[in-house]
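To start, the structure itself, in C-alpha cells.
The values are calculated or read from the model by the stated rules, or taken from the named source; none is laboratory data. None of these values were measured; they are calculated from a predicted model. Note: ideal-geometry Cβ built from the backbone for every residue, glycine included; neighbour counts use all protein chains shown. Quick note on the areas: whole protein, heavy atoms, side chains included, nothing else; ligands and nucleic acids left out. Shrake-Rupley method; radii C 1.70, N 1.55, O 1.52, S 1.80 Å.
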Amino acid sequence: MRVSSSSDELVRGLRAGELGPSEVTTRIPPSGVTIYSASPSGANLVSAANAEYRFPLAVGTEAAAFFDLGSGLLLPTGLGPAKPVLLGGTNGVLHGSAGIELRWTAPGVQVPFEPITL
C-alpha cells in the first residue's frame, strides 16, 4: 500500500489542477476580440484511489504496475456571489491512468531516483 503526501500526484499523468473541473476564462487583447479558453477552477472535494503491485527486477531496481482513479468536484456552497462558470461535463469527471513505473535506487546512499512512468 502506498501512502501519498500532499505533494504527490493523485492520478499519475495529470498536471496540477486537472483533477478538478475547468472554468471558462476570457481575455480581450488589444484587437478587441474576446478570446475564450478553459483553465482549472480548483476543487473543494477531491477523492482518489491507487492500486499498485511492486516487484524487484535486479539489485536496486524495481518495477510497479499501477492503476489510479480520481475525481474532483467544485461544490457551489460557500463560494459567494462570484461563482466560476464551469465547462459542462467537467465537474466530477472520473479520471484514470494505468501503467508501469520503473525505479532505481543509487547504491550506497539508498536514495531512489524519480520514477520513470510508462
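How large is ³J(HN,Hα) for each residue in the range 81-98, as worked out from phi by the Karplus curve 6.51 cos²θ - 1.76 cosθ + 1.60 (θ = phi - 60°), to whole Hz, x for Gly and Pro?
For the range 81-98, the Karplus curve yields x, 9, 7, x, 8, 7, 5, x, x, 9, 8, x, 5, 7, 9, x, 8, 9 Hz.
Using a Gaussian network model on the chain with a 10 Å cutoff between Cα atoms, which of Val59, Val24, Val93 fluctuates the most?
Highest fluctuation of the listed residues: Val59.
When only the heavy atoms of the protein chains count and the probe is 1.4 Å, how do Ile28, Ile35 rank by accessible area, highest first? Mind dumping the intermediate values first?
Details: Ile28 120, Ile35 65 Å².
Descending accessible area places them as Ile28, Ile35.
With a ≥ b ≥ c the root eigenvalues of the C-alpha gyration tensor of the range 16-118, is it rounded (a/c under 1.5), prolate (a/b larger than b/c) or oblate? Don't skip to the answer; put the middle values down first.
Details: a/c = 3.33, a/b = 2.25, b/c = 1.48.
Prolate shape, in that a/c is at least 1.5 and a/b is the bigger ratio.
Set Lys and Arg Cβ to +1 and Asp and Glu Cβ to -1, take the dipole of the chain about its Cα centre, and tell me which of Leu57, Pro81, Pro112 lies farthest positive.
In the chain, that residue is Pro81.
For the chain, what is the charge dipole size about the Cα centre, in debye to the nearest 20, if Lys and Arg each add +1 at the Cβ and Asp and Glu each add -1 at the Cβ?
Details: 7 positive and 9 negative charges, 48 e Å.
I would put it at about 240 debye.
Which order do Arg12, Arg103 take when ranked by solvent-accessible area (1.4 Å probe, heavy atoms of all protein chains), largest first? Walk me through the numbers before you get to the answer.
Numbers: Arg12 20, Arg103 60 Å².
Most to least solvent-accessible, the answer reads Arg103, Arg12.
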